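Peer 1: Have a look at this one before I ask anything.
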Amino acid sequence: MNFAVLQFPASNCDQDAVHAMRVLGHSARLVWHKDSSLGDADAVIVPGGFSYGDYLRCGAIARFSPVMQAVKQFADNGGLVIGICNGFQVLCEAHLLPGALIRNRSLQFRCEHVFLKTVAHDSPFTSQIPAGKLLRVPIAHGEGCYFADADTLAQMKANRQILWQYCNAQGDVTDDANPNGALEGIAGVCNERRNVAGLMPHPERACEPLLGSTDGRLIFESMIHALGQKPAALAA
Amino acid sequence: MKAKIIITPKKAVLDPQGKTVQSALEHMGYAGVAGVHVGKYVEIDLAPGTDRAAAQQAINEACHRFLSNPVIEDYKLEIE
């Protein structure tokens with residue numbers, strides 16, 4: 001599979017995402033924000049970072065980049081797009097995902113490992129996550145508090161668009177396990193069509209035993225499975 | 001001519017900055033503070049000879065599309 005990893009000024013998880021895809025045995029290449037084509041990409045990763053310095057609002061400026069027109073077209077055609085951290089913020093600003101991400105409740109930048117409970121397994125981003133399996137993945141963000149208005153949230157629930165919630169080690173979604181004040185502990189969501197997803201945690205930083213967790217692989221392996229190919233064995 | 005835009009968080013949205021500032025004001029002894037909301041102020045200098053009505057319309061659109069996020073923010077636009 002070919003993954004296109006977008007690169008905005010001040011993206012800083014772009015290389016990590018490329019590396020993780022290669023570790024998974026697939027190819028990935030960077031696509032500069034001024035490019036208006038994604039080439040022959042099978043899937044798109046909008047990586048983490050601080051695109052355009054997070055000026056105005058996180059993701060607000062990146063959203064108008066030429067490459068985002070191509071991403072919108074790609075998503076409209078049913079292509080798989082995943083936004084991680086700042087990428088999630090960009091996809092929300094671009095209206096490819098519902099809701100918005102605001103300042104953490106604590107006003108602190110939170111950088112730690114969290115547990116995620118998968119709420120909906122019927123998506124191209126979660127299908128390979130075993131039932132009951134908690135994902136241990138890192139977060140690193142200051143503005144990851146998910147918000148959507150009551151009507152949007154109700155609609156998202158009806159469509160099973162909430163993919164992941166923060167939980168404790170026992171799998172309980174509690175206020176203590178919520179690192180940023182996100183509404184109902186929401187860590188990641190998808191669109192109604194289920195081909196665009198975003199999450200604040202960093203699965204690309206949890207793909208190798210050296211990094212303390214390989215749980216992030218399950219998310220990419222789900223995408224790869226959906227794209228019709230089994231993931232290759234872990235390199236080295 | 002200038003466009004002055006005040007962007008504030010919507011009432012339903014968590015505003016931890018507002019809450020923290022409110023608590024600081026209370027600690028400093030300022031009584032009667034019922035609520036604080038921290039937002040943004042954007043000032044746009046308009047070129048001489050700009051048509052006021054056209055500017056109002058264009059900047060209003062920009063506020064909705066770009067300068068504010070209607071999911072979480074309200075804005076007030078004034079041209080003077």
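Peer 1: Cβ-Cβ under 6 Å, sequence separation 6+ or interchain: first residue in region B:12-36 and closer than 22 Å to A:Asn104 by Cα, partner buried (at least 16 other Cβ atoms within 10 Å of the Cβ) and among the hydrophobic types (A, V, I, L, M, F, W, C). Which pairs?
Peer 2: B:Val13/A:Phe147; B:Val13/B:Ile72; B:Gly18/B:Val36; B:Val21/B:Val36; B:Gln22/B:Val36
Peer 1: A further question follows. Touching a residue at least 40 places away in the same chain (Cβ under 8 Å) and within 14 Å of chain B (Cβ to nearest Cβ), is that true of A:Ile102? Steps first, answer last, please.
Peer 2: On the way: touching a residue at least 40 places away in the same chain (Cβ under 8 Å): yes; within 14 Å of chain B (Cβ to nearest Cβ): yes.
Yes, satisfied.
Peer 1: Next question. Just one of the numbered conditions (1) more than 14 Å from chain B (Cβ to nearest Cβ); (2) surrounded by fewer than 19 Cβ atoms within 10 Å (Cβ to Cβ); (3) under 29 Å from A:Tyr55 (Cα atoms) is not true of A:Leu211; which one?
Peer 2: Every condition holds for A:Leu211 apart from (3).
Peer 1: Sticking with this one: If the requirement is being in a loop (DSSP other than H, G, I, E, B), at pLDDT 95 or above and either within 14 Å of chain B (Cβ to nearest Cβ) or surrounded by 14 or more Cβ atoms within 10 Å (Cβ to Cβ) (or both), which of these qualifies: A:Pro201, A:Pro138, A:Pro130? Before the answer, list the steps.
Peer 2: Values: A:Pro138 fails: in a loop (DSSP other than H, G, I, E, B); A:Pro130 fails: either within 14 Å of chain B (Cβ to nearest Cβ) or surrounded by 14 or more Cβ atoms within 10 Å (Cβ to Cβ) (or both).
Step by step, each of A:Pro201, A:Pro138, A:Pro130 is checked, and only A:Pro201 is in a loop (DSSP other than H, G, I, E, B), at pLDDT 95 or above and either within 14 Å of chain B (Cβ to nearest Cβ) or surrounded by 14 or more Cβ atoms within 10 Å (Cβ to Cβ) (or both).
Peer 1: Only one residue in A:Ala169, A:Ala187, A:Ala177 is touching a residue at least 12 places away in the same chain (Cβ under 8 Å) and surrounded by 21 or more Cβ atoms within 10 Å (Cβ to Cβ), so which one is that? Let's see the steps before the verdict.
Peer 2: Details: A:Ala169 fails: surrounded by 21 or more Cβ atoms within 10 Å (Cβ to Cβ); A:Ala177 fails: surrounded by 21 or more Cβ atoms within 10 Å (Cβ to Cβ).
None of the others qualify; the one that does is A:Ala187.
Peer 1: OK, next. How about region A:9-88: which strands (runs of 3 or more DSSP E) wholly inside it have at least 1 residues that are touching a residue at least 60 places away in the same chain (Cβ under 8 Å)? Give the steps one after another, and end with the answer.
Peer 2: On the way: elements: A:27-32, A:43-46, A:80-84.
The qualifying strands (runs of 3 or more DSSP E) are A:43-46, A:80-84.
Peer 1: Filter region A:181-197 down to the residues that are under 16 Å from the mean Cα position of the chain (by Cα), within 14 Å of chain B (Cβ to nearest Cβ) and over 16 Å from A:Ile129 (Cα atoms) and list them by number.
Peer 2: Within region A:181-197, A:Ala182, A:Gly185, A:Ile186 meet the criteria.
Peer 1: Which of the residues that make up region A:68-93 are out of contact with any helix residue (DSSP H, G or I) (no Cβ under 8 Å at 6 or more places or on another chain) and over 25 Å from A:Gly142 (Cα atoms)?
Peer 2: Residues satisfying the conditions are A:Gln69, A:Ala70, A:Val71, A:Lys72, A:Gln73, A:Phe74, A:Ala75, A:Asp76, A:Asn77, A:Gly78, A:Gly79.
The values are calculated or read from the model by the stated rules, or taken from the named source; none is laboratory data. Only a predicted model underlies this, so the values are computations on that prediction, with no experimental measurement involved. Ideal geometry is used to build each Cβ from the backbone, glycine not excepted, and the neighbour counts take in all protein chains shown.
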